[in-house]
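Everything on this sheet refers to the single structure shown next.
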Amino acid sequence: MKTDFLIIGGGAIGMSSAIALLEEGYNVVLIDRNATGAEASWAGGGILSPLCSWDYTVAVTDLSERSMRMFEKTAAQLFDDTGIDTEYQKCGMLLLPPFQSERASAWCSKHQVRLQNVSLDDLLPGMQGEGLFMPDISQVRNPRLLEALRRRVEMLGGRILEQHEALRFETSGDRICGLDTNQGKLVAGAYIVAAGAWSKVLLGEHALGMEVRPIRGQMLLFKFDVPPFPSILLQESVYFIPRKDGHVLVGSTLEDVGFDKSTTTEALEHLLKRVQALFPDWPSPVRHWAGLRPGSPDNIPTIGRHPHLANLYANCGHFRYGVTMSPASAELLLDAINGRPDPTYRWHA
Ligand SMILES: Cc1cc2nc3c(=O)[nH]c(=O)nc-3n(C[C@H](O)[C@H](O)[C@H](O)COP(=O)(O)OP(=O)(O)OC[C@H]3O[C@@H](n4cnc5c(N)ncnc54)[C@H](O)[C@@H]3O)c2cc1C
């Protein structure tokens with residue numbers, strides 16, 4: 001059967017793109033050089049929002065807000081279709097001081113996002129001081145989301161080829177005519193690069209002005225019998241994400257160290273220090289991992305068609321918020337394929 005679209009990369013972005021295309025009736029093959037859902041999308045925290053939206057440009061907040069509005073329905077639909085619970089929950093996010101109260105209030109009132117001044121003791125018994133609470137911020141549990149996305153791709157008839165590493169594109173005139181992989185050549189009507197942090201390297205000379213590079217983030221995992229608090233906590237870029245089963249993720253670091261996914265004692269000590277400052281009685285973490293974010297200038301992803309190659313598209317470079325942005329990015333990709341590109345996320349020549 002003829003392949004309409006060949007997607008390279010089985011993270012949240014590649015699999016959400018596959019679902020959007022399959023639902024439009026296209027024939028889709030998705031390849032990943034390892035297993036799907038095992039890189040940044042797995043390593044991330046699953047907070048469905050920028051950490052402090054007021055620190056970002058409209059390009060980031062518009063795409064995030066559009067996705068955030070979609071996520072509740074997306075998660076419910078995935079549950080209905082696949083039976084997998086992504087653990088989507090509107091748990092809210094509590095900002096602990098210091099924070100930029102006036103900027104946060106101004107941004108939230110302009111964007112009609114609820115923001116409440118709260119006494120910390122109300123949400124974290126025993127903690128003194130004032131906080132800012134954003135009740136509508138939600139989270140998903142990444143491994144579950146990825147499992148559900150994959151199941152949905154398969155249910156819709158998408159073909160997933162794991163252990164297939166894309167090596168290089170073959171061109172003919174203004175078109176891609178094939179993709180060399182470590183398992184042989186694959187041919188499709190069009191090609192979509194959703195290879196996360198590896199997208200620019202894979203594209204080689206075809207990347208043109210696209211700037212995507214790996215930015216490492218390290219995460220610690222703690223385990224309690226019951227969640228120690230119900231909401232995400234954020235204090236000066238370190239966050240605590242309570243899962244329903246008592247796990248709490250604490251992250252993260254932002255490290256420009258190339259394609260190196262190792263964990264380090266420096267990051268462990270830095271994160272532990274921040275944990276102990278707030279919660280001196282916490283036990284030791286049960287796990288420590290790192291992932292590579294697809295870093296891009298100003299956190300603005302590239303979503304759309306190549307400036308010169310008619311059948312090559314990108315959906316990559318979502319940096320810190322690719323899980324959040326995944327459903328709306330898939331919609332924007334579909335718009336671009338249907339001749340309605342959004343110039344904000346265009347592929348720079
Ligand atoms: C520690 C950390 C915390 C984060 N927290 C959050 C958060 O709370 N909320 C949020 O929204 N985002 C968060 N993020 C960011 C988010 O995880 C990423 O933006 C998002 O996962 C990017 O998705 P992706 O599908 O583009 O990339 P990935 O998930 O990395 O997927 C890319 C896929 O492409 C495959 N691939 C690469 N090269 C090739 C090749 N040549 N051939 C075939 N396959 C290839 C890889 O194997 C991989 O499976 C976090 C990231 C990290 C690391």
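The values are calculated or read from the model by the stated rules, or taken from the named source; none is laboratory data. None of the values given here were measured: they were computed from a predicted structure. Neighbour counts are summed over all protein chains in view; Cβ atoms, including those assigned to glycine, are modelled from backbone coordinates with ideal geometry.
Numbers below:
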| quantity | calculated |
| --- | --- |
| Check on Ser172, over 18 Å from Thr3 (Cβ atoms) and polar (S, T, N, Q) | no |
| Members of the range 1-18 found to be at pLDDT 95 or above and either part of a loop (DSSP other than H, G, I, E, B) or more than 13 Å from the ligand (Cβ to nearest atom) (or both), listed by number | Thr3, Asp4, Phe5, Gly9, Gly10, Gly11 |
| Residue check, Leu333 surrounded by 14 or more Cβ atoms within 10 Å (Cβ to Cβ), touching a helix residue (DSSP H, G or I) at 6+ places or on another chain (Cβ under 6 Å) and not in a strand (DSSP E or B) | yes |
| Selection from the range 146-170 of residues that are of a type in the set (Asp, Glu), in contact with a strand residue (DSSP E or B) (Cβ under 6 Å, 6 or more places away or on another chain) and closer than 25 Å to Glu23 by Cα | none |
| Pairs with Cβ under 6 Å, 6+ apart, first in the range 211-240 and part of a loop (DSSP other than H, G, I, E, B), second at pLDDT 95 or above and surrounded by fewer than 17 Cβ atoms within 10 Å (Cβ to Cβ) | Glu211/Pro297; Phe224/Gly246; Asp225/Gly246; Val226/Gly246; Pro227/Gly246 |
| Options Val323, Val238, Val275; residue that is at pLDDT 95 or above, surrounded by fewer than 22 Cβ atoms within 10 Å (Cβ to Cβ) and within 13 Å of the ligand (Cβ to nearest atom) | Val238 |
| Residue selected from the range 19-72 under the condition more than 7 Å from the ligand (Cβ to nearest atom), outside any helix (DSSP H, G or I) and of a type in the set (Ser, Thr, Tyr), by the criterion nearest to Pro135 (Cα to Cα) | Ser49 |
| Residue selected from the range 170-207 under the condition among the acidic types (Asp, Glu) and in a strand (DSSP E or B), by the criterion nearest to the ligand (Cβ to nearest atom) | Asp180 |
| Val193 being touching a Leu at 6+ places or on another chain (Cβ under 7 Å) and closer than 20 Å to Ile47 by Cα | no |
| Residue within the range 102-113 that is at pLDDT 95 or above, over 25 Å from Gln77 (Cβ atoms) and among the acidic types (Asp, Glu) present | yes |
